[in-house]
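One structure is given below, encoded as structure tokens.
Computed from the coordinates by the stated procedures, all read-outs in this text should not be read as laboratory data. Only a predicted model underlies this, so the values are computations on that prediction, with no experimental measurement involved. Heads up, the Cβs are rebuilt from the backbone with ideal geometry, glycines too, and the neighbour counts pull from every protein chain shown.
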Amino acid sequence: MTLPGQFLLAGAAVMVVATIAVEFWVSKRIEDAVVNNSAFSAALLMENFISPLSQELADTDTLSQPARQALAEVFNGTPIGERVVSYKIWSTDGLVIHASDPSIIGQEFEPSEDFLRAASGYVSASFEDFDDIEDATEAALGVPLLEVYSPIRQLWSGEIIGVAEFYEDATILREDILSAHRTSWLVVGGAFLASGVLLFGIVQAGGRTIRQQQSELRRQLDKTQTVSTQNADLRRKVIKASTNATAQTERAIRRIGSDLHDGPAQYLSLASLRLDNALNGQQGPSGDSALVRESLDKALDELRIISRGLALPDLDNLDVQALINRAVNDHMRQTDLEIEVQAQGVSEITLNYAQKLCVFRFLQETLSNVRRHAKVDEATVSVRTDPQFFYVSVVDLGTGFETTAPRNVRDDGGQGLFGLINRAESIGGQLDITSTTARGTTLTLTLPIEEANL
């Protein structure tokens with residue numbers, strides 16, 4: 001359930017209970033106030049008539065015949081008699097001295113709480129309360145009655161000498177009380193309803209904001225998880241590329257050492273041996289001098305070849321077009337391979353040093369592989385770009401190989417395709433190989449152009 005739904009359910013239950021409780025409390029206060037006000041008004045009116053006729057109670061527990069007659073005249077055929085439907089005159093100890101119902105005169109009943117309160121000097125009243133035994137006659141009338149107990153005081157001393165109980169027709173009073181109940185229900189219920197609607201509107205708006213924020217957080221979480229996965233993949237690739245680069249470097253160093261040992265070192269050793277014979281005065285074969293010269297020339301050639309493979313031109317000062325031409329021309333000077341360059345309009349492309357180095361090594365290695373493995377006399381170097389990537393390809397129509405075979409990442413101790421793949425991936429690029437034994441080989445280096453400006 002949504003937050004506004006939870007608030008609506010819980011708030012409705014709380015407000016209904018609170019409305020009922022508050023309304024009952026307010027109605028009770030209103031009813032008590034109306035009853036007490038009516039009782040005091042009636043008590044003050046009755047005291048003016050009953051108290052002068054009841055002064056005999058200060059000396060005796062009975063009323064004289066003239067006093068009884070006067071009371072009868074007061075409650076018969078007068079406006080007061082129309083309002084008061086029944087009355088009793090009590091002694092302070094609970095004896096009925098006089099009453100509109102002659103059958104209970106002289107009887108003694110257990111004092112009620114209202115009687116005891118009146119006997120203590122306070123006016124007490126109750127509305128439609130007929131629980132006492134002496135109220136049986138009034139209960140049988142079937143009309144709403146206001147029961148009032150008023151103390152009867154001695155005129156000169158103020159001492160309480162009796163209690164007057166009378167029942168006033170409360171039909172109008174009941175209508176007033178019911179009207180007050182309805183009004184209180186409307187006011188209290190309306191106030192709670194208005195506050196509930198207002199609060200629900202606030203919670204509804206807050207719930208809508210929370211739902212939007214939750215949706216946005218889910219989207220951000222999905223993006224974060226995607227980026228985290230990508231970062232983890234990139235981290236694995238970087239670690240793999242770094243490991244491979246380190247291993248490739250060690251293999252390249254071993255290859256250089258092997259080339260120096262097996263090439264120039266052998267020729268220099270032979271030349272040194274022949275020179276030792278000449279210096280020691282030994283007569284060697286007539287061809288010793290020519291052999292020494294030939295060995296030294298071969299050693300120098302080998303050293304030049306090795307140094308050319310290690311040395312790099314000043315790549316920082318070369319644009320892309322000049323870089324490609326430099327790599328192609330260097331290879332053509334060393335071999336008889338014919339190379340066609342298709343690289344128009346790439347001079348304005350900007351690559352950083354790492355990318356230039358990658359392109360240069362790519363051309364060195366792939367052109368060397370064409371000469372050694374493809375068994376062809378010509379190859380093509382093509383360059384193209386789009387708004388995001390730079391592509392350079394080397395294509396030959398010679399002897400290809402199955403790319404599922406280990407040779408597709410052959411490592412001959414130099415750069416090797418394996419080393420080129422690692423180099424390209426380490427700077428955000430990739431190396432794609434397409435080769436078949438029937439249609440030759442195409443190797444394409446792809447580099448992101450935006451990386452050049454970092």
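Listed values, structure above:
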quantity	calculated
Förster-model FRET efficiency, 56 Å R0, T446 and Q204, C-beta, rounded to 0.05	0.55
Reach of K88 by Cα under 29 Å, taken over lysines that are not fewer than 8 positions away in the same chain	K28
Rough spin-label spacing in nm, given labels placed 7 Å along Cα→Cβ, for Q214 and L155	8.3
Surrounding net charge for T446, when Lys and Arg each add one and Asp and Glu each subtract one, Cβ distance under 11 Å	-2
Separation of the D176 and T434 label points, Cα + 7 Å toward Cβ, nm	10.5
Nonlocal amide H pairs with Q430, under 5 Å, H built at 1.01 Å	T446
Per-pair calculated FRET efficiency, R0 = 25 Å: L9 and A194 via Cβ, rounded to 0.05	0.85
Under Karplus coefficients 6.51, -1.76 and 1.60, residue-wise ³J(HN,Hα) of the stretch 209-214 in Hz, glycine/proline x	5, 5, 4, 5, 5, 4
Theoretical FRET efficiency, 1/(1+(r/R0)^6), r = Cβ-Cβ of E108 and L186, R0 41 Å, to 0.05	0.30
Cβ-based net charge around D336, under 12 Å, with every Lys or Arg adding one and every Asp or Glu removing one	-1
Pair A290, S41: separation of 7 Å Cα→Cβ label points (nm)	15.4
